[in-house]
Amino acid sequence: MQMGYHDFDREDIRIINIQVADIQLAEKPKTGVVNLSLTYRHEGVSRLRRGGKLYLFRNGRFRVAADGKEIEDNFRDAKIYWGTDVICRAGKDCEPPTHRKPDEVEKWLVKHLLGEKDTRDTSPLTSFRPSAWARLTVTLSATPNRDAGKLSSLDLDVYYASHNLSERLGTVFVRVSDDIQPLIRCDKEDVNNLTDGQGSFLRTFDVSRNPRITLRAPARYGGRNFEGWLIDNRPLDARLAQENAGALWWMQGEESVPVASDKLDHSPTLVLDLTNKSDYTVEPRYAAPPPKST
């Protein structure tokens, strides 16, 4: 789940559980039984914001290259996952899902190896809840065959724990589409000692020190003219309720949605007042790329 899908007035957002809310087969079985098995796997990298500060944690065993950098498919033995099993019988609706739980034996074996006598589940090695700001991979298997498990729809409920962001902190989230990576200038340093950013980025400011933030986008990027800043003032629940969530809420890999010119602030310089609003989601918009010559 990308950062822009979380409530910016909350931080330290960690997943408690993932369950199926509704599941529908594309075609109900005419005979026999279809067994569905869903697994939701966490990528093993937890990005957390606490007190405005950004942290990154890894769990499991990572592979790295000779220069110490991560390599593709570096996470080998993820243990953070949730699962659901569903049985669909011919001529009937699918039965209520059964949600799989982590192996308690494995957890208490870890406690034994740690030499812990206390039976309370307080060790960070056994009770850690992974960040919701992470990639989640959903896999589906089915018997008697894969085609029998083709779905028409799937709704998931994600349960999480979090803390309220301090009232003295304000959030600025700059989002761009996949096809551009402009360098956005920021005139103030945030609580993580960060200023400018390239592509999509998040900044958290101490409002008592920096009540106003100025962003500046380049007038041109890759031969494309700057058209304006899009500021989405709708509350988060209103944005997420839409089936077509709009330009600020594209998923990774999708193109941004066209926006009417009168919805944009056309100056490359954008001033945000964090005393009037605790968080802003903004997007620099550029003209479509010129057609390729043939």
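Taken together, the values in this text are just the output of simple stated rules run on the coordinates, not laboratory data. These numbers come from a predicted model, not from an experiment. Methodologically, a virtual Cβ is constructed for each residue, glycine included, from the backbone with ideal geometry; neighbour enumeration extends over all protein chains shown.
Couple of notes before you dig in:
- Inter-label distance for Gln24 and Lys292, nm, one decimal - labels placed 7 Å from Cα along Cα-to-Cβ: 3.8
- For segment 38-45, Karplus couplings with θ = phi - 60° (6.51, -1.76, 1.60), whole Hz, Gly/Pro x: 10, 10, 10, 10, 7, 5, x, 10
- Approximate spin-label separation Ser267-Thr139, in nm, with each point projected 7 Å along Cα-to-Cβ: 5.3
- Fully extended contour minus Cα-Cα distance, from Glu167 to Arg14, at 0.36 nm per residue: 53.0 nm
- Other-chain or far-sequence residues with amide H under 5 Å of Tyr286's (modelled H): Glu227
- Model label sites at Gln181 and Ser152, defined 7 Å from Cα along the beta-carbon direction, differ in position by 4.2 nm.
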